[in-house]
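One structure is given below, encoded as C-alpha cells.
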Amino acid sequence: PTLLLVRSIASPAVGDKLKDAMERGFVAHLAAWLGGEDAEQRAALILVEILGFDLLRRVAGLEAFSPAKVEPARQRLARTIQAYVDGP
C-alpha cells in the first residue's frame, strides 16, 4: 500500500483524491481523537512517521530496519509517536 501511495500521489488523475482520503480518512479522525493544541498537525506528523518508516523498511529495504534490527527501531518510533499523542 505504501508503494502504491508513493507512485500514485503525484498523479493528476488520483493525487488529489488520495490527499483528500488521507486528510479526511486518517488525519481528521486522528486529530479529533487527539484533541488539544495543534491536533491536526500532530496527526499528520504521526502519518508521516508511519509512512516514512514503512517506506524505508519494506519498500527500500533499509538495512537499519532489517528483521534483526527492526524491534529497537519500532520502540524508538513508538516513543516518537507517543510524544505527538501527548501533545505540546
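In segment 50-88, what residues are open to solvent by less than 60 Å² (accessible area, probe 1.4 Å) and among the charged types (D, E, K, R)?
D54
Filtering segment 15-26 down to residues that are open to solvent by 60 Å² or more (accessible area, probe 1.4 Å) and not acidic (D, E), which residue is farthest from A83 (Cα to Cα)?
My answer is K17.
State the number of residues belonging to segment 27-49 that are farther than 18 Å from P88 by Cα and open to solvent by 80 Å² or more (accessible area, probe 1.4 Å).
Initial filter on segment 27-49 (farther than 18 Å from P88 by Cα): 28-29.
Adding the requirement that they be open to solvent by 80 Å² or more (accessible area, probe 1.4 Å) leaves 29.
Looking only at that region, the number is 1.
Which one of the conditions (1) modelled with pLDDT under 90; (2) aliphatic (A, V, I, L, M); (3) surrounded by 12 or more Cβ atoms within 10 Å (Cβ to Cβ) does L4 fail to meet, given that it meets all the rest?
Evaluating L4 over (1) modelled with pLDDT under 90; (2) aliphatic (A, V, I, L, M); (3) surrounded by 12 or more Cβ atoms within 10 Å (Cβ to Cβ) leaves (3) as the failure.
Which of the residues that make up segment 26-72 are small (G, A, S), over 15 Å from the mean Cα position of the chain (by Cα), within 22 Å of L5 (Cβ to Cβ) and in a helix (DSSP H, G or I)?
A64
The values are calculated or read from the model by the stated rules, or taken from the named source; none is laboratory data. Treat the numbers as computed from the prediction; the structure is a model and nothing was measured. For neighbour counting, all protein chains shown are included, and Cβ atoms are generated from backbone atoms with ideal geometry for every residue, glycine included. SASA here: full protein model, heavy atoms, side chains in, ligands and nucleic acids out. Shrake-Rupley method; radii C 1.70, N 1.55, O 1.52, S 1.80 Å.
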